[in-house]
Amino acid sequence: MDFLNSLEIDLVHDVHEALQCNFLDFVMPIITTLTNAGILWVGLALVFLFSRRTRRMGVTMGIALILGLVVGNIVLKPLVGRIRPYDFDPTITLIIPPEIEFSFPSGHSLAAFEGAVSIFLYRRRWGIPALVLAALTAFSRVYLQVHYPTDVICGSLLGAAFAVLAFSMVKGMKWEKLG
C-alpha cells in the first residue's frame, strides 16, 4: 500500500497546489462539512419518504446508504486499512480537522453518489444538481488532502453501483402498502 500511497501523494499535492486559493479554502470545507456522515443524504431520504410521489426515491436512497455504510465503512475501511495522505506525508497542513477512520474508500464520496444517483434515477432535473454536489464533495476530499484520488474514485463508483442496485431492488418491491 505504501507504493500506491507514494504514487498518489504527488497527485494530492499537485491538485492542492494548482488550485489552492482563498475562495476554495473557504468553500471546500463547507461542502465537505455539509456532507459529513452522509447526513445531508440521509436527511433528504427521510424527507422523500413523507410524500407518495418521492417515497420510492427515499427508500432507494435509504437502501443505498445502508449498503454503503455496511460495505464501505464497516467492511472495506478496516479491511484495507489505508492511512490518510496527511498521515503518510506529515508535511501536509490541513484546514479541516483530521479524520478518525481509514482512508479507503471515501465515505463522503460513497454517500454522495448513493444519494445523487438515487435521485437522478427517479428525477433527472433534481438529479443533475445532486450529481454536481456529489462531484464537488468527492473533489473536496482530495483538495482538502484527506483522501487519495483512488479513494474518491472508488467511493464514487461504489456509491453509484449501490444506488443502481437499490433502485433495482425497489423496482421489484410490491408497493400496495408502502404507496
Check: Which angle between 0 and 90 degrees, to the nearest 10, do you get for helix 149-171 versus the longest principal axis of the chain when only C-alpha atoms count?
Finding: 10
Item checked: For PHE48, net neighbour charge (Lys/Arg +1, Asp/Glu -1) across residues whose Cβ lies under 14 Å away -> +4
Item checked: Acute angle (nearest 10 degrees) that the helix 39-49 long axis makes with the longest principal axis of the chain, alpha-carbon atoms -> 10
Item checked: In region 1-92, the chymotrypsin sites (Phe, Trp or Tyr not before Pro) that fall in loop regions by DSSP, at most 11 other Cβ within 10 Å -> PHE50
Note to self: Can you give me the angle between helix 124-143 and the longest principal axis of the chain, using Cα atoms only, in degrees from 0 to 90, rounded to the nearest 10?
What the structure shows: 20
Next item on the list: Taking all protein chains together and a probe of 1.4 Å, list MET28, MET169 from the most accessible to the least accessible.
Entry: MET169, MET28
Item checked: For the chain, radius of gyration divided by Kirkwood radius, i.e. Rg to Rh on alpha-carbons -> 1.02
Next item on the list: Note the full-extension length gain between ALA18 and PHE50 as 0.36 nm times their separation in residues minus their Cα-Cα distance, in nm to one decimal.
Entry: 7.1 nm
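If DNA, RNA and ligands are ignored and the probe is 1.4 Å, what is the ranking of VAL47, VAL80 by accessible area, most exposed first?
VAL47, VAL80
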Next item on the list: Compute, for VAL59, the solvent-accessible surface of its heavy atoms (probe 1.4 Å) with the complete set of protein chains present, and express it in square angstrom to the nearest 10.
Entry: 30
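The values are calculated or read from the model by the stated rules, or taken from the named source; none is laboratory data. All values derive from a computational prediction rather than experimental measurement. Please note: Cβ atoms are built from the backbone with ideal geometry, for glycine as well, and neighbour counts cover all protein chains shown. Accessible surface is based on the protein model in full, side chains and every heavy atom, while ligands, DNA and RNA are left aside. Shrake-Rupley method; radii C 1.70, N 1.55, O 1.52, S 1.80 Å.
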